[in-house]
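Asks: Below are the structure tokens for one structure; questions will follow.
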């Protein structure tokens, strides 16, 4: 059986969200990365055919960035015909502050997915302090999706956040493959 297809549409003004998208794809062992500001008709066709769509946007002023919201509005054209119904969905976000109201951004993405009839997959990584041996994994304690905190310099996000993204990506691939097996 073929693996489930995963598309990762994201907006990244400063590279932080793109770094997370790349880590998620690495953890999943696949994933078509898509900058939402440069989507073509073939990209939309890939999204329409995907088994899973993993949405990523930075948190700006308590919600997802406006340029990502434009993607959501375009994608919503598929709502009436339920084109994305029963696709799996997940989300990730990054902000400059440890809290930064990132939960609101993830709620925006999960609500969009619910309205589109999609099946949401959250984050299951348990790190410190509950599991001290896991160190900085999921240091923000986010279960609805992946949260990361922007860092300065070349790393963009911490090694712990990058590792959390890879683990999240592996979970998403396993979930999408399981969902696809059940659908056939």
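Asks: So which of 153, 169, 145 ends up being within 24 Å of residue 98 (Cα to Cα), surrounded by 20 or more Cβ atoms within 10 Å (Cβ to Cβ) and without any contact (Cβ under 8 Å) to a residue 60 or more places away in the chain?
Replies: Matching residue, one of 153, 169, 145: 145.
Asks: When residues of the stretch 5-20 are filtered for being part of a loop (DSSP other than H, G, I, E, B), touching a strand residue (DSSP E or B) at 6+ places or on another chain (Cβ under 8 Å) and either farther than 18 Å from residue 173 by Cα or modelled with pLDDT under 95 (or both), how many remain?
Replies: Final tally of qualifying residues: 4.
Asks: Can you tell me which of (1) part of a helix (DSSP H, G or I); (2) closer than 24 Å to residue 82 by Cα; (3) free of Cβ contacts under 8 Å to residues at least 40 places away in the same chain is the one residue 175 doesn't meet?
Replies: All conditions are met except number (3).
Asks: Checking residue 162 against (1) assigned to a helix (DSSP H, G or I); (2) within 15 Å of residue 64 (Cβ to Cβ); (3) touching a residue at least 40 places away in the same chain (Cβ under 8 Å): exactly one of these is not met. Which one?
Replies: (2)
Asks: While we're here: Could you list, in sequence order, the residues of the stretch 35-63 that are surrounded by 14 or more Cβ atoms within 10 Å (Cβ to Cβ), touching a residue at least 40 places away in the same chain (Cβ under 8 Å) and either more than 16 Å from the chain's Cα centre (by Cα) or in a helix (DSSP H, G or I) (or both)?
Replies: Of everything in the stretch 35-63, those that are surrounded by 14 or more Cβ atoms within 10 Å (Cβ to Cβ), touching a residue at least 40 places away in the same chain (Cβ under 8 Å) and either more than 16 Å from the chain's Cα centre (by Cα) or in a helix (DSSP H, G or I) (or both) turn out to be 46, 47.
Asks: Moving on to the next point. Report whether or not residue 136 is in a loop (DSSP other than H, G, I, E, B), over 28 Å from residue 43 (Cβ atoms) and touching a strand residue (DSSP E or B) at 6+ places or on another chain (Cβ under 7 Å).
Replies: For residue 136, the condition - in a loop (DSSP other than H, G, I, E, B), over 28 Å from residue 43 (Cβ atoms) and touching a strand residue (DSSP E or B) at 6+ places or on another chain (Cβ under 7 Å) - is not met.
Asks: Quick check: anything in the stretch 64-87 exposed (fewer than 15 other Cβ atoms within 10 Å of the Cβ), in contact with a strand residue (DSSP E or B) (Cβ under 7 Å, 6 or more places away or on another chain) and either modelled with pLDDT of 95 or more or within 17 Å of residue 171 (Cβ to Cβ) (or both)?
Replies: yes
Asks: Another question, then. Do you know which residues across the stretch 103-133 are under 22 Å from residue 170 (Cβ atoms), in contact with a strand residue (DSSP E or B) (Cβ under 6 Å, 6 or more places away or on another chain) and not in a strand (DSSP E or B)?
Replies: 106, 109, 110, 113, 118, 121, 123
Quick grid of which residues meet (1) closer than 14 Å to residue 148 by Cα; (2) at pLDDT 95 or above; (3) touching a helix residue (DSSP H, G or I) at 6+ places or on another chain (Cβ under 9 Å):
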residue: 27; (1), (2), (3): no, yes, yes
residue: 33; (1), (2), (3): no, yes, yes
residue: 38; (1), (2), (3): no, yes, no
residue: 41; (1), (2), (3): no, yes, no
residue: 45; (1), (2), (3): no, yes, no
residue: 54; (1), (2), (3): no, yes, yes
residue: 62; (1), (2), (3): no, no, yes
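Asks: Of the residues 152, 100, which single one is part of a loop (DSSP other than H, G, I, E, B), touching a strand residue (DSSP E or B) at 6+ places or on another chain (Cβ under 7 Å) and farther than 19 Å from residue 54 by Cα?
Replies: So the residue among 152, 100 that is part of a loop (DSSP other than H, G, I, E, B), touching a strand residue (DSSP E or B) at 6+ places or on another chain (Cβ under 7 Å) and farther than 19 Å from residue 54 by Cα is 100.
Asks: Suppose we keep only residues that are over 18 Å from residue 156 (Cα atoms) and touching a strand residue (DSSP E or B) at 6+ places or on another chain (Cβ under 9 Å) within the stretch 21-32. Which one would you say is surrounded by the most Cβ atoms within 10 Å (Cβ to Cβ)?
Replies: 28
The values are calculated or read from the model by the stated rules, or taken from the named source; none is laboratory data. This structure is a prediction, so every number in the text was calculated from the model and none was measured. Positions of Cβ are backbone-derived with ideal geometry, glycine not excepted, and every protein chain shown enters the neighbour counts.
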